[in-house]
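Report on one structure; see the data block that follows.
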Amino acid sequence: MQDPTAKLATKRNITLCCSGCLLIFGIASLAIAPTYDPPMMGWGMAILFLGFGGAILLTALLTYRRKIAALETTGMVPLSKGLSANEQKVLGILRVYPKISLKDLGEKLNMDDNKAEGVLIAMVTRGLIYGHIDPGTKEFISAMNPTMASVTAPVSGAVLCPNCGAPLPSVPIRGTTMKCPACGNLIMS
């Protein structure tokens, strides 16, 4: 699979070349504008080339930055530059488990719950990951996955199992499944 950033960089480079050519034509038109029979035509062409070249250049750079940020947010681009080994593991775990208890996360990281919570809080504070910790269940609910980007209200009957009516340990989030501890029914939301 091709790195999505390489494809974006190629498009950006092609756009930068085109806008650079327009800017060069604009500068050349400025130099030769007085030689045109009606000089206004030369100045008009110069302004046209410079305007379009500048607009395309600015749009290309802003679009590239926005798309790279969107790819990083959704987890399609590794953010591993400058991250510790534990932070890299957390990123990998959250891509696989969009909802995970602090206890399970601590076990996967070979540390206690409090240290795992500290790593999560530090990463959220630095803007490396998005999500929140449910204080009732001590679960981290990631907003890294585009389908998990917003925590939704409980689905009808989500607090109680729709099969047996037993209370569920936590509220299922859209895109996840939960097994009822009483009857074993899989609840999909």
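What to note about this one:
- Of all residues making up region 26-45, the number that are closer than 24 Å to R12 by Cα and buried (at least 16 other Cβ atoms within 10 Å of the Cβ): 1
- I173 being closer than 29 Å to A70 by Cβ, modelled with pLDDT of 85 or more and surrounded by 13 or more Cβ atoms within 10 Å (Cβ to Cβ): no
- Residue in region 96-107 that is under 16 Å from the mean Cα position of the chain (by Cα), modelled with pLDDT of 80 or more, on the phi < 0 side of the Ramachandran plot and not in a loop (DSSP other than H, G, I, E, B) present: yes
- Listed conditions (1) modelled with pLDDT under 80; (2) loosely packed, with under 14 Cβ neighbours inside 10 Å are all met by L79, apart from (2).
- In region 98-114, the residues that are out of contact with any helix residue (DSSP H, G or I) (no Cβ under 7 Å at 6 or more places or on another chain) and more than 9 Å from F140 (Cβ to Cβ): D104, E107, N110, M111, N114
- Residues satisfying the stated conditions in region 1-49, i.e. over 30 Å from R65 (Cβ atoms), in a helix (DSSP H, G or I) and of a type in the set (F, W, Y): W43
- Boolean, L58 is surrounded by fewer than 12 Cβ atoms within 10 Å (Cβ to Cβ), at pLDDT below 90, under 26 Å from the mean Cα position of the chain (by Cα) and assigned by TED's automatic domain parsing to the domain that holds A69: yes
The values are calculated or read from the model by the stated rules, or taken from the named source; none is laboratory data. Just so it is clear, the model here is predicted, and its values are computed rather than measured. All Cβ positions, glycine included, derive from the backbone under ideal geometry; neighbour counts span all protein chains shown.
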